[in-house]
Amino acid sequence: MSILDDRLAKYTLPQHYMDLGMYPYFREIDGKQGTEVNMGGHDVLMFGSNAYTGLPGDQRIIDAGIEALQQYGSGCAGSRFLNGTLDIHVKLEKELAEYIGKDESLCFSTGFTVNSGVIPSLLTREDYIICDDRDHASIVDGRRLSFAKALKYKHNDMEDLERQLQKCTPESVKLIVVDGVFSMEGDLANLPEIVRLKHKYNAVLMVDEAHGLGVFGREGRGVCDHFGLTDQVDLIMGTFSKSLASIGGFIAANKTIINWLRHNARTYIFSASATPASTACAREALRIIQQEPERIQALWDVTNYALKRFREEGFEIGATASPIIPLYVRDVQKTFIVTKRAFDEGVFINPVIPPACAPQDTLVRFALMATHTHEQVDRGIAALTKVFRELDIIR
Ligand code: PMP
């Protein structure tokens, strides 16, 4: 046993939950993502997906992927910088820039590598990065990789954001990075106020639209568009792994910023480009989202219905304003029990425990897709109501 083995052998928490029969992770699905899936031989309603537009099983997207596989092969064997750029990568970048409302965009192989690559490449030791304390892990890693001085403000607390901005030397670059929709609790960043403070302190603003795309704004352009603030936000990132039914991510900004990132973002230059199939699938999903606004309408219809029903049943659902509905449990052990019991009752939801939240804020995350029916929502909520009552979390 090496010293490392000795240390890692003490990590017994997963085994502990396996022994209790409550380990909720890495369950295998044997088919397409949809509102009902088979997980390890068990039919469940899927309320743990990020595919808000409900598109991953759409035949048109699957066909677009197959066609790209036939035409371009399975992989690009290199980074965008060298041999890995296809015409469809460039077309998608143009389409995204136009859709988002920025000069240009760049596509990365995942959303995680957008945040972890873009943030450090923009900042020097003299600069500051300022984050909401609930920002996504990929923003946290971007902050950690950057040489800039890191400042954090309390979640959506605009007075605290202003206090952090006051700490910065006025002539330095101050980059504020924030989730547009917070991924675990479903609430929105206070963008109007963040934009006001950005101007007051001459800062730069980057918004993560991972959970806003396909959900908010005109034709799903995101939270910046929803607030009419796209022009005031300097960098907008998004991912293809949620509403765009694929994998990959992008950053959209003005020509000057994109020119810098194209030649300096390390996760763009030193990592292989997105596969032909995933690129073609994202393009087709982007086309469908714009041409079928009824999808977003259906998503909001079923979301508003679920919000009303959860409130009627007495669930604590926090400040969500999106298809992500947090059902607070406020106890780590009980959160695992809820997840297991819900699964037994035929409902898949995601447990959210530390470090994704504070120990007293644990919850299960219930997320909707445009393809969920009211009847499925009723079944899901009936099962969860039963489990939450049994465990005395709601009355
Ligand atoms: N930002 C946020 C807010 C996210 O929730 C995620 C994914 N969970 C990412 C970035 C990373 O995106 P991807 O899955 O494309 O790597």
The chain: most fluctuating residue of ILE317, ILE29, ILE258 per GNM, C-alpha cutoff 10 Å: ILE29
Cβ-based charge dipole, the chain, positive-most Cα from ILE247, ILE394, HIS42: ILE247
Kirkwood Rh, Cα atoms: Rg over Rh of region 1-124: 1.08
Region 159-290 shape via C-alpha gyration tensor axes, a/c threshold 1.5: oblate
Dipole magnitude of region 59-291 about its Cα centre (Cβ charges: Lys, Arg +1; Asp, Glu -1), debye to nearest 20: 480
Residue with peak Gaussian network fluctuation, the chain [Cα springs, cutoff 10 Å], from ALA210, ALA280, ALA383: ALA383
Out-of-range pairs (alpha-carbon distance over 21 Å; input LYS174/LYS200; LYS308/LYS334; LYS340/LYS386; LYS308/LYS386; LYS102/LYS154; LYS102/LYS198): LYS308/LYS334; LYS102/LYS154
Rounded, prolate or oblate (a/c below 1.5 giving rounded, otherwise prolate when a/b exceeds b/c) for region 59-291 by Cα gyration tensor: prolate
Among ALA77, THR275, ALA97 - extreme Cα towards positive end, dipole of region 59-291, charges at beta-carbon: ALA77
Under 17 Å from the Cα of LYS242 - lysines, other chains or at least 8 residues apart: LYS32
Exposed-loop-free span, longest in the chain, where GluC sites (Glu not before Pro) count as exposed if DSSP calls them loop and at most 10 other C-beta atoms lie within 10 Å: 172-395
Rounded to the nearest 20 debye, dipole of the chain from Cβ charges on Lys, Arg, Asp, Glu: 720
Fraction of beta bridges assigned by DSSP in region 59-291 that are antiparallel (%, nearest 5): 40
Calculated SAXS-style log₁₀ I(q)/I(0) at q = 0.12 Å⁻¹ - the chain, Debye, Cα scatterers: -1.01
Listed residues VAL195, SER172, TYR153: farthest to the positive end of the dipole of region 147-216 (Cβ charges): SER172
Highest-fluctuation residue, HIS199, HIS211, HIS136 considered, GNM on the chain with Cα pairs under 10 Å: HIS199
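Bear in mind that the values in this text are calculations on the coordinates, not laboratory data. Note that the structure is a prediction, hence the values are computed from the model and not measured. Please note: Cβ atoms are built from the backbone with ideal geometry, for glycine as well, and neighbour counts cover all protein chains shown.
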